[in-house]
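The values are calculated or read from the model by the stated rules, or taken from the named source; none is laboratory data. As the structure is a computational prediction, the values presented were derived from the model and not from experiment. Cβ coordinates were reconstructed from backbone atoms using ideal geometry, including for glycine residues, and neighbour counts include every protein chain displayed. Only protein heavy atoms, including side chains, enter the accessible area calculation; ligands, DNA and RNA are left aside. Shrake-Rupley method; radii C 1.70, N 1.55, O 1.52, S 1.80 Å.
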Amino acid sequence: MAGEERAVSMDQVVSLAKRRGFVYGSNEIYGGLSGFWDYGPLGVELKQNIKRAWWRAMVQMRDNVVGLDSSIIAPPAVFAASGHLQNFNDPLVECEKCKRRFRDDDVESDVCPSCGGHLSPPRQFNTMFQTHVGPVADDASVAYLRPETAQGTFVNYRNVLQTTPHKVPFGIAQIGKSFRNEITTGNFIFRCREFEQMELEFFVKPGTDDEWFDYWRKERFRWWTQDMGIRAENVRIRDHEKSELSHYSKQTSDIEYAYPFGTKELEGIADRTDFDLKAHIAGSGADLDYFDEESRERFVPYVIEPAAGLERSFLVVLLDAYAEEQTGTKPGDRRTVLKLGPRLAPYKVAVFPLMANRPALVEKARSVYDALRPYFTVAWDDIGNVGKRYRRQDEIGTPWAITVDFETLENNTVTVRDRDSMEQDRHDVDSLLHLFLERLGPL
Ligand code: GAP
């Protein structure tokens, strides 16, 4: 794959993300907590924009998909039925000398990668986080933080069927936090212990699952490369070997991205068969059969599940958009630019008064800023010279910058500078809202 040797490094993107307030280490003032991250002012905007793009494509634009937001904590019975208590394990090895622990599949020999000590034989480690519900911490109050949003969807499958007009095939989409006590974390936000998932459970008639699996596999690749604008040469689909399949899956394909640290999973599409619904029928005694009025048949639907991680999506969006460019002939004429699609950009437009110490310019710029803000996110910047302000906005991916200058006071026009071409045009102030709404399209 051409993207295998990427020009962009993790250091460049991590440094930008920290420097500009996209991502902070969590609890840093107390030394941090490994595998947890906090999202700063620009990070929350980017996260929301990714979620909105997913929701638009998976729910808003589909006749047969609805949304759900189920609770994060669930009782053991749910995860006993789903198989997570028995099977959601990673093989763990421990160094007999330094006591460090690793995932067995992350180490290449039986010698500790950290100190060279001898590693123990692998044992199974369940990666679900346990907690207690209520004031007494005993066996009866044990509960778990969900390791995937999917189980919350399966336990609500009947509620949704009964409260909406939908018939199989139909889907339930959910975006929310999931938790896994990963043995090792790393590569920035690639593998965390707290993360968000964007998952669709799509219920189909048994026997039509191969067809739907193929549909979603292609559709999700299309979404990444077309709607999200991720360069196709950096994305591929990889079908799982039988030995890799999760305990619930008949077939799985991963959408993989060429990260600087290797080509790895971004999203998984699984054919979960009727495994989960049947497991919950057995576990709860609830009637989760489906009666098809047309064919007069009764069956337990199969489930096709496209499941993407928000943190990995965030990382992929940043990596794919990151560029450093020469902007002139002098060695210092360089810029860092995030070539984000306008819908994903944290700020759509920036507004600058040419000089911060001229009240007439500031007042006019402020009126432009106030007129646009109700419609989309707008940044205000009046610090330093305009060239520096352009560089600052380029670095966070703002597609357009408006400068209010002395000519504005004479003829009510401003310059609009394009992030990618760096070209500037003059536009009438009264045409700006229409201009940007047209360029942005529906948000
Ligand atoms: N419900 C199916 C499921 O959870 P998965 O492949 O284990 O399948 C789906 O997870 C997606 O969630 C992955 O493709 C990845 O993007 C994200 N993900 C899983 N574990 C993660 C972790 N520890 N940190 C960040 N993202 C993770």
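Details
- Nonlocal amide H pairs with Val23, under 5 Å, H built at 1.01 Å: Lys18, Gly40
- Whole-Hz couplings from phi, Karplus 6.51/-1.76/1.60, listed for region 305-311; x for Gly and Pro: 10, x, 10, 10, x, 5, 5
- Accessible area per residue, Å², region 347-440 with all protein chains present, probe 1.4 Å: 48
- Spin-label model, Glu395 to Trp380: label points 7 Å out along the Cα-to-beta-carbon direction sit 2.2 nm apart.
- Sequence of Val316, Val133 from largest to smallest accessible area, 1.4 Å probe: Val133, Val316
- Fully extending the segment from Asp105 to Leu433, taken as 0.36 nm per residue of separation minus the present Cα-Cα distance, adds 112.7 nm.
- With the whole protein complex present, Glu45 retains an accessible surface near 50 Å², based on a 1.4 Å probe.
- When only the Cβ of Lys, Arg, Asp and Glu is charged (+1, +1, -1, -1), the dipole of region 347-440 relative to its Cα centre reaches about 340 debye.
- Overall shape: rounded for region 347-440, with the ratio a/c of the largest to smallest alpha carbon gyration tensor axis below 1.5.
- Met355/Asp63 FRET efficiency (R0 56 Å; Cβ-Cβ; nearest 0.05): 0.55
- In this structure the amide hydrogen of Arg100, modeled in the peptide plane, comes within under 5 Å of the amide hydrogens of Cys95, none closer than 5 places in sequence on its chain.
- Two-site label geometry, Lys264 and Arg222: point separation in nm, points 7 Å out along Cα→Cβ: 3.0
- For the chain, the Cβ-based charge dipole about the Cα centre amounts to some 1080 debye (Lys, Arg positive; Asp, Glu negative; other atoms uncharged).
- 0 to 90° range, to nearest 10: angle between helix 386-395 axis and the chain longest Cα axis: 10
- Think of the chain as having a plus end and a minus end, set by charges on the Cβ of Lys, Arg, Asp and Glu; of Gln124, Gly283, Ala81, Gln124 sits farthest toward the positive end of this dipole.
- Spin-label model, Ile29 to Ile237: label points 7 Å out along the Cα-to-beta-carbon direction sit 4.9 nm apart.
- Net length gained if the chain between Lys339 and Asp292 were fully extended (0.36 nm per residue, minus Cα distance): 12.1 nm
- If the chain linking Thr329 and Lys18 were pulled fully straight, counting 0.36 nm for each residue of separation and taking away their Cα-Cα distance, it would gain 109.0 nm.
- Candidates Val386, Ile402, Leu435 compared by Cα position along the dipole of region 347-440: farthest toward the positive end lies Val386, with charges placed on Cβ.
- For region 75-86, 3J(HN,Hα) per residue [Karplus equation, 6.51 cos²θ - 1.76 cosθ + 1.60, θ = phi - 60°, Hz, x = Gly/Pro]: x, x, 4, 5, 8, 6, 5, 6, x, 5, 5, 8
- Exceeding the 29 Å Cα-Cα cut-off - candidates Lys167/Lys264; Lys51/Lys218; Lys51/Lys388: Lys167/Lys264; Lys51/Lys388
- Any cysteine of the chain lacking a neighbouring Cys Cβ under 4.7 Å - listed by number: Cys192
- About the Cα centre, charge dipole magnitude for region 282-398 (Lys/Arg +1, Asp/Glu -1 at Cβ), debye: 1240
- ³J(HN,Hα), Karplus 6.51/-1.76/1.60, whole Hz, each residue of region 365-380, x for Gly, Pro: 4, 4, 6, 5, 4, 5, 6, 8, 3, x, 9, 6, 6, 10, 9, 10
- When peptides 335-345, 24-34 are ranked by their average number of other Cβ atoms within 10 Å per residue, the highest-first order is 335-345, 24-34.
- Probe 1.4 Å, all protein chains present, accessible-area order of Met355, Met58, largest first: Met355, Met58
- On the chain, 49 percent of the accessible area sits on carbon and sulfur atoms, based on a 1.4 Å probe.
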